[in-house]
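Following: one structure in structure tokens, then a few remarks.
The values are calculated or read from the model by the stated rules, or taken from the named source; none is laboratory data. Everything numeric in this text was worked out from a predicted model, so none of it was measured. Every residue, glycine among them, receives a Cβ derived from its backbone with ideal geometry; neighbour counts consider all protein chains shown. Please note that ligands, DNA and RNA were not included when accessible areas were found on the heavy atoms of the full protein model with its side chains. Shrake-Rupley method; radii C 1.70, N 1.55, O 1.52, S 1.80 Å.
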Amino acid sequence: MPNKLITKLAALSFEIAVGADGVSTEAHLLPPGPFRATDGRPHECDAWMLDATIAVQVIARMAELKNDTLIDYEHQSLRSEWNGRPVIAAGWFHDMEWRESKGLYAVGIDWTAAAKTRILAKEYRYISAIFFYYERTGEVIEIVSVALTNTPALDGLDSLDMAALSKRFDLLKPTKENDMATEKEQLAALAVERDGLSNKVASLTVERDGLSTQVAALTTERDTLKTRVEAFDQEKAEAALAKETEDHKALLKAALTEGRLTPAQKPWAEKQSLTALTEYLDATTPLALLNKQVDGKQSVAALTAEQAAMAKKMGVSEEDYLAAQNSK
């Protein structure tokens, strides 16, 4: 909403960490929110707000800067336009980190030799961060300036050139005139948001219709391929059946010719599958003539056990089976 864009400045300071290895290359800039200053600020909202989600945006804004961020003395970089004094660097950094339960930190600080000397000599004890925040929510927006200072609760923010800062950081100047968004502005903002959502819906609808068309085309292609596969499988099965039939006829004819089957066995053999008939014939040898002449008369020899079993299986008498064998 438009009224959320109304911004104000605030500052907090933390003591600079100094250890046995010298001045730390990181500095605590802001605590996790909600937080307030010891002097009672902020007055226009319940508290300043800063959490991991908000910090991501603050860090991203600084990461977009091509140059390193300046750490100066007493925020002189914000006052130089009207006091004419030079801006002297105490250090530089480019990255910030969010640390859960601790807050926002500047990391990788490259201190100048003079700044290190002054910090170690306790000529400067604090690092101060000035930040923009939304007046009505207290949400931190951007780190504006970082400086060495000896004043934990920085005074004189009201004397800063807010118009220049607003232009420099492309933020709205907080004045009584724009302190409250008018009903017309609110309606206009809602209309813009509505139109944006409508465009997104239209775009998603077009995308959905395009995907539906693609799905329909893929479905048709799938059905066509399925029909082709089924036709191919049927043709293949019919060809295999025709070949098996021809092979069966050829095998049956050869078996009858070679004497491995008798004419009486033909009806039985025609009912057998190619595999079953092949197995049977592979185990069968051509039958010898069983007719014998004794004193000029024909006698019937006895069947072997295998022949008797086959005659029984075929449902014919031993005499008929033997007669069929002798008729060849």
* **So ALA181, is it small (Gly, Ala, Ser) and at pLDDT below 90** => yes
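For LEU65, state whether it is under 41 Å from the mean Cα position of the chain (by Cα), closer than 13 Å to ILE143 by Cα, crowded, with 18+ Cβ neighbours inside 10 Å and in contact (Cβ under 8 Å) with a residue 24 or more places away in the chain.
So LEU65 fails the test.
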* To do: Only residues that are modelled with pLDDT under 95, among the hydroxyl-bearing types (Ser, Thr, Tyr) and crowded, with 16+ Cβ neighbours inside 10 Å: list them for the range 72-112, please.
  => SER77
* **Within the range 274-293, tally of residues that are open to solvent by less than 40 Å² (accessible area, probe 1.4 Å) and at pLDDT below 50** => 1
* Asked: Across the range 127-141, what is the total count of residues that are assigned to a strand (DSSP E or B) and within 15 Å of PRO34 (Cβ to Cβ)?
  -> 5
* **Residue in the range 3-32 that is nearest to ALA121 (Cα to Cα), counting only those that are modelled with pLDDT under 85 and open to solvent by less than 30 Å² (accessible area, probe 1.4 Å)** => LEU12
* Structure fact -> Residues of the range 228-268 being over 23 Å from LYS313 (Cβ atoms) and either aromatic (Phe, Trp, Tyr) or not in a helix (DSSP H, G or I) (or both), in sequence order, are PHE232
* Between a first residue in the range 103-119 that is free of Cβ contacts under 8 Å to residues at least 24 places away in the same chain and over 28 Å from VAL140 (Cα atoms) and a second residue that is surrounded by 14 or more Cβ atoms within 10 Å (Cβ to Cβ) and among the hydrophobic types (A, V, I, L, M, F, W, C), which pairs have beta carbons less than 7 Å apart while being 6 or more apart in sequence or on different chains? -> THR112/ALA89; THR112/ALA90
* To do: Read through the list (1) at pLDDT below 85; (2) of a type in the set (A, V, I, L, M, F, W, C); (3) open to solvent by 60 Å² or more (accessible area, probe 1.4 Å); (4) in a helix (DSSP H, G or I), then give the number of the only condition that VAL215 fails.
  => (1)
* Filter the range 120-138 down to residues that are touching a Lys or Arg at 6+ places or on another chain (Cβ under 8 Å) and either hydroxyl-bearing (Ser, Thr, Tyr) or at positive phi (or both) and give me whichever is most open to solvent (accessible area, probe 1.4 Å). => THR137
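Residues are listed down the side, and each one gets a yes or a no for (1) in a strand (DSSP E or B); (2) among the aliphatic types (A, V, I, L, M):
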position: ASP46; (1), (2): no, no
position: ALA60; (1), (2): no, yes
position: LEU70; (1), (2): yes, yes
position: SER77; (1), (2): no, no
position: GLY91; (1), (2): yes, no
position: TRP98; (1), (2): yes, no
* Asked: Looking at (1) surrounded by fewer than 11 Cβ atoms within 10 Å (Cβ to Cβ); (2) at pLDDT below 75, can you tell me which one PRO267 breaks?
  -> (2)
* Structure fact -> Scanning the range 34-54 for residues that are open to solvent by 30 Å² or more (accessible area, probe 1.4 Å) and among the small types (Gly, Ala, Ser) gives ALA52
